[in-house]
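Here's the structure we're looking at; comments come further down.
The numbers here are math on the coordinates, done by the rules we state, and not lab data. These figures come from a predicted structure and were not determined experimentally. For neighbour counting, all protein chains shown are included, and Cβ atoms are generated from backbone atoms with ideal geometry for every residue, glycine included.
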Amino acid sequence: MTELSKKRPEFRNINALKDLSTYRLPLAGWVSILHRASGALMFILLPLIIWLFDTSVSSELSFERFSATFVIGLGIVPGWLFKLLLLALIWAYLHHFIAGVRHLWMDATHSVSKAQGSFSARLTLLLGALLTLALGAKLFALY
């Protein structure tokens, strides 16, 4: 009878200003938030993507201008800043794609255990980071 009379935990709304810094989100939650953030980043950088595509395929002269943008810059914006923006875009695409495949796989197989969610979240972050590092090294001409 004493087990039934125990006080049940109270559930309340989280105060974003006070509680959010102390809230410990699981890794799968971080992957989900980053999935949304990467989608938002790709949407925000959509004008850059359209400009990149347009100048790269219009003509040989525009492609040369496009290539020079990443070396010497454009106007007052240095070339390394364009490379960093492109690296952010590369990360956003890779993470969004891998996390999307993770979500589709979990939905298709009905795999929703804690262990499987944690493993797939680690794998998503690791694959996204490794592929971004490899493509970033190529972007910055390290190989």
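Before moving on, here are some points about what is shown:
- Among the DSSP helices (H) of the chain, those spanning at least 30 angstrom by Cα along their long axis with an average Kyte-Doolittle hydropathy of 0.5 or more are 79-109, 114-139; this is a geometric and hydropathy rule only.
- Over the chain, DSSP H runs of length four or greater, each weighted -39,500 (n - 2.57), average out per residue to a 222 nm ellipticity of -24000 deg cm²/dmol.
- Placing unit charges on the Cβ atoms of the charged side chains and taking the dipole of the chain about its Cα centre, the candidate lying farthest along the positive direction among Leu89, Trp30, Gly73 is Trp30.
- Whether the chain is rounded, prolate or oblate, judged on the alpha carbon gyration tensor where a/c under 1.5 counts as rounded: prolate
- Which of Ser21, Ser111 has the fewest Cβ neighbours within 10 Å, and the rest in rising order: Ser21, Ser111
- Check: the chain dipole with +1 on Lys, Arg Cβ and -1 on Asp, Glu Cβ, in debye: 740
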